[in-house]
Structure formats: structure tokens, C-alpha cells
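Note sheet for the following structure.
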Amino acid sequence: MIAKETKLKGCFIIEPQVFEDKRGYFVENYNQKSFKKALGLDVNFVQDNESKSSKGVLRGLHYQTGKFAQAKLVRVIKGSVLDVVVDLRPKSPTFGEHVTIELSEQNKTQFFVPRGFAHGFLVLEDNTIFSYKCDNFYNKESEGGIIFNDEELGIDWKLSAQDLIISDKDKELPKFSKAIL
């Protein structure tokens with residue numbers, strides 16, 4: 001496994017070792033010892049989630065607050081997504097900045113998102129399966145979000161707004177400046 005820290009401290013792009021031959025491939029998606037050694041972090045994942053979505057589905061930007069904040073290890077099993085994180089840590093030098101990365105079935109890249117970040121993704125192919133581990137359990141009362149198209153954040157989602165499929169709930173999220181962190 002190769003882990004590269006992004007410009008947002010604590011966010012890592014992870015390239016697992018893939019063994020391929022004529023039969024197919026093998027990849028170890030998660031190994032606690034290797035993860036700790038590569039990232040220098042001791043994270044205890046307690047929940048695995050998976051979603052299947054059509055091209056154009058945008059999920060996010062979501063986060064959990066307080067004692068229910070979550071770190072995530074995300075990856076794509078099938079298809080591809082544009083994955084986005086926004087730094088919500090008020091004392092961070094990169095507060096309000098974001099990073100985007102394409103995760104796909106082909107590149108098998110993973111993305112580690114620490115606590116204190118909003119997360120979202122845009123599905124780039126039909127029937128995309130997105131998987132993520134969380135280090136804390138979901139708590140409805142602690143959920144927060146930021147509208148995907150906030151001008152202050154300036155995220156390039158790679159598709160025009162009219163091509164996006166967004167839940168009614170996500171369409172009503174506040175701007176970054178009004179979000180409760």
C-alpha cells in the first residue's frame with residue numbers, strides 16, 4: 001500500500017497493491033497493521049456502508065458533528081466517482097478548502113477522510129457501487145451538510161447542474177458560511 005497525504009492534512013490517497021494475472025485480480029482492501037504503518041493513524045472502523053447509483057447522482061456534501069464525527073475510508077467497487085472532501089476544521093490552515101479525486105473500479109484507489117471533513121461524490125458511470133468504512137456510528141441528530149454548488153467552495157463537479165440527480169434533502173443544504181460545524 002502506498003499512502004500519499006493531500007494538501008488537506010490528514011486526508012490520504014491510498015493505492016493498494018493489486019495482483020493481476022489471467023484469472024483476474026486480488027487486492028487487500030484493508031489491513032489494520034498496514035493502514036497504521038502507512039498513514040501513522042490508529043483508526044478503529046466500526047461500520048461498512050455501500051451504495052449503488054446511476055450516472056449523475058450527487059451525494060453530499062455530508063458530515064457528522066461532535067462526538068459522532070466520522071472518519072471514512074472510501075472506494076469504488078464498480079464504476080467511477082468524483083470524490084470530494086471539504087476541510088471543516090476551523091483552526092486548520094486549509095479550512096474551507098477542498099480536494100477532489102477520481103475513484104474507480106480500474107484504479108482501485110482509496111481515499112481516507114478524517115473526522116472534521118464534509119464528504120460527497122458524483123457518480124460518473126451507471127451502476128456504480130461505492131463502499132466506505134466509518135470509524136463511528138451514524139447519528140441522525142448529528143448530521144450536517146453543505147450545498148454542493150456553494151460559490152464560496154468553488155467545486156468543479158465536472159457535470160452541469162442540470163445533469164445532476166440530487167435528493168430533495170441535499171438540494172436544501174445550507175451554504176458553507178451557514179453550516180453548523
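The values are calculated or read from the model by the stated rules, or taken from the named source; none is laboratory data. As the structure is a prediction and not an experimental result, all values here were calculated from the model. Positions of Cβ are generated from backbone atoms using ideal geometry, with glycine treated the same way; all protein chains shown enter the neighbour counts.
Restricting to region 152-171, name every residue that is of a type in the set (Asp, Glu) and free of Cβ contacts under 8 Å to residues at least 24 places away in the same chain. The answer is Asp168, and nothing else. Looking only at region 59-81, count every residue that is without any contact (Cβ under 8 Å) to a residue 60 or more places away in the chain and either closer than 20 Å to Lys7 by Cβ or within 12 Å of the chain's Cα centre (by Cα) (or both) and tell me the total. Total satisfying the criteria: 4.
If you check Gly66, Gly96, Gly60, which single one turns out to be small (Gly, Ala, Ser) and touching a helix residue (DSSP H, G or I) at 6+ places or on another chain (Cβ under 6 Å)?
Gly66
Out of curiosity, is Gly145 of a type in the set (Gly, Ala, Ser), in contact with a strand residue (DSSP E or B) (Cβ under 9 Å, 6 or more places away or on another chain) and either free of Cβ contacts under 8 Å to residues at least 24 places away in the same chain or more than 17 Å from Glu50 (Cβ to Cβ) (or both)?
Details: of a type in the set (Gly, Ala, Ser): yes; in contact with a strand residue (DSSP E or B) (Cβ under 9 Å, 6 or more places away or on another chain): yes; either free of Cβ contacts under 8 Å to residues at least 24 places away in the same chain or more than 17 Å from Glu50 (Cβ to Cβ) (or both): yes.
Judged against the criteria, Gly145 is a match.
Asn149 satisfies every condition listed in (1) touching a helix residue (DSSP H, G or I) at 6+ places or on another chain (Cβ under 7 Å); (2) over 17 Å from Phe117 (Cα atoms); (3) not hydrophobic (A, V, I, L, M, F, W, C) except (2). Anything in region 42-58 that is of a type outside the set (Gly, Ala, Ser) and in contact (Cβ under 8 Å) with a residue 40 or more places away in the chain? List them, or say none. Val43, Asn44, Phe45, Val46, Gln47, Asp48, Asn49, Glu50, Lys52, Lys55, Val57, Leu58, listed by residue number.
Restricting attention to region 70-103, the residues that are outside any strand (DSSP E or B) and either surrounded by fewer than 18 Cβ atoms within 10 Å (Cβ to Cβ) or at pLDDT below 95 (or both) total 9.
Within region 82-98, track down each residue that is within 10 Å of the chain's Cα centre (by Cα) and of a type outside the set (Asp, Glu).
Of region 82-98, the ones within 10 Å of the chain's Cα centre (by Cα) are 82-86.
Once the filter is applied, which keeps residues that are within 10 Å of the chain's Cα centre (by Cα) and of a type outside the set (Asp, Glu), region 82-98 yields Leu82, Val84, Val85, Val86.
Within the option set Lys36, Lys22, being among the basic types (Lys, Arg), under 20 Å from Arg115 (Cα atoms) and surrounded by fewer than 14 Cβ atoms within 10 Å (Cβ to Cβ) holds for one residue only, Lys36.
Working carefully through the options Phe117, Phe121, find the one that is surrounded by 17 or more Cβ atoms within 10 Å (Cβ to Cβ), modelled with pLDDT of 95 or more, more than 19 Å from Lys55 (Cα to Cα) and under 10 Å from the mean Cα position of the chain (by Cα).
Numbers: Phe121 fails: more than 19 Å from Lys55 (Cα to Cα).
On inspection, the qualifying residue turns out to be Phe117.
Leu39 meets each of the listed conditions (1) more than 19 Å from Ile77 (Cα to Cα); (2) without any contact (Cβ under 8 Å) to a residue 12 or more places away in the chain; (3) of a type in the set (A, V, I, L, M, F, W, C) apart from (2).
Select from region 127-181 the residues that are of a type in the set (Val, Ile, Thr) and either farther than 19 Å from Arg89 by Cβ or surrounded by 13 or more Cβ atoms within 10 Å (Cβ to Cβ) (or both) and list them in ascending order. So that I can check it myself, show each step before the final result.
The first filter runs over region 127-181 and keeps only residues of a type in the set (Val, Ile, Thr), leaving 128-129, 146-147, 155, 165-166, 180.
Selection gives Thr128, Ile129, Ile146, Ile147, Ile155, Ile165, Ile166.
Here Gly10 meets each of (1) surrounded by 15 or more Cβ atoms within 10 Å (Cβ to Cβ); (2) touching a Lys or Arg at 6+ places or on another chain (Cβ under 6 Å) with one exception, condition (2).
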